[in-house]
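Please read the structure below before turning to the comments.
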Amino acid sequence: MPRLATSSGQFYFLLVPGFSLLALSSAIDVLRAANLEARGNAYQWTLIGEGSDCVESSSGLSLDCQRLPKLFRRDMADTATTVVVCGGDTVKLEVDEGIILWLKSLANLNLKVGSVSDGAFVVAQSGLFDQHRSTIHWKCLDDYRAQFPQLDIRASILEMDENRFSCAGGTASLDLFLQFVLQDLGTDVVAKIADNYFHDTLRDSSISQNVADAYRFASKSRVLAEALRIMSQHLEQPLSIADIAKESGATHRSLDRLFARYLALSPSKYYRRLRLNRAANLLLQTSLPITDIAVASGFGTASHLGLHFKQAYQLTPKQFRQSGQATASQKAD
């Protein structure tokens, strides 16, 4: 039985010029679906901007929005407030100084603040990612690291670190907001929502949608779902299977049995496959050096990544990247 939603979580989506409609709509649709599945008004959302009553997206379509609100502690007495800075993939992002000042004013308030795609530039500039992990769209990663060398920046799909969060944009915002719903409303609700989005998803056969597994199995085994979620959030710095079992509320042996029953793989083999899929995504979607990709996917060195990658894909990482570029070129022709 889904948890009945009695309280309201307020999301403010701060739209910066060139924001991604796909990322925004993916996020809002998860909240809409959560309200439906939870049989209540679990979430509300408001579009906000600075200096205009509408903001233009990367596709040229503009959305109406409200001016930046004043947020004080009394506003959050009965409402969990989250501010989401929505960007696109423009690499270089210039925003009104008023947005930066407004975000800085939130620093001492007890609310969640984060970004979608290159909105991370804005949050980082305001200082709200200091001492917190963050990520960004692949196209922006190099520039983001160059502009903010002091930050803990990851080449990941999403990051959630205390009351800060970020994601790579596009459909990664779907994963991020499913995580919010999972925390607030539980596994039963999030499993039903995820089924609607992932059941008919078609991807390249070499890259499976492993992030969805944590939600797909939520209704069958909460322990397994939690273990899968933990794995998906610790790809760059892998945990031991014993630690994953402990954090998910299981023993090593019982976790082995769950993986064998539902996934026909041992936890360690499944975890390695997740990290190899991360490496494959980065090889195709970024120009990061293979040594950096090895670190970002938890293999440490290029040689260690190469050994496992060739066993899985019958290609070296370099060959895999080249084959992907060749395929893209053929489609363009």
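Readers should treat all values here as calculations from the given coordinates under stated rules, not as data from a laboratory. Only a predicted model underlies this, so the values are computations on that prediction, with no experimental measurement involved. For neighbour counting, all protein chains shown are included, and Cβ atoms are generated from backbone atoms with ideal geometry for every residue, glycine included.
Worth pointing out:
- Counted by Cβ distance under 11 Å from ALA296, the other residues give a net charge of +1, where Lys and Arg count +1 and Asp and Glu count -1.
- Mean Cα-pair separation over length for the range 116-178, i.e. relative contact order, pairs under 8 Å, 6 or more apart, %: 38 percent
- Average Cα contact separation per residue, the range 227-333, under 8 Å, 6 or more apart, as relative contact order %: 22 percent
- Ascending count of other beta-carbon atoms within 10 Å, so fewest first, for ILE157, ILE193: ILE157, ILE193
- Centre separation in Å (Cα based) which lies between the range 166-184 and the range 27-42: 14 Å
- Counted by neighbouring Cβ atoms within 10 Å, the residues CYS65, CYS140, CYS167 run from fewest to most as CYS65, CYS140, CYS167.
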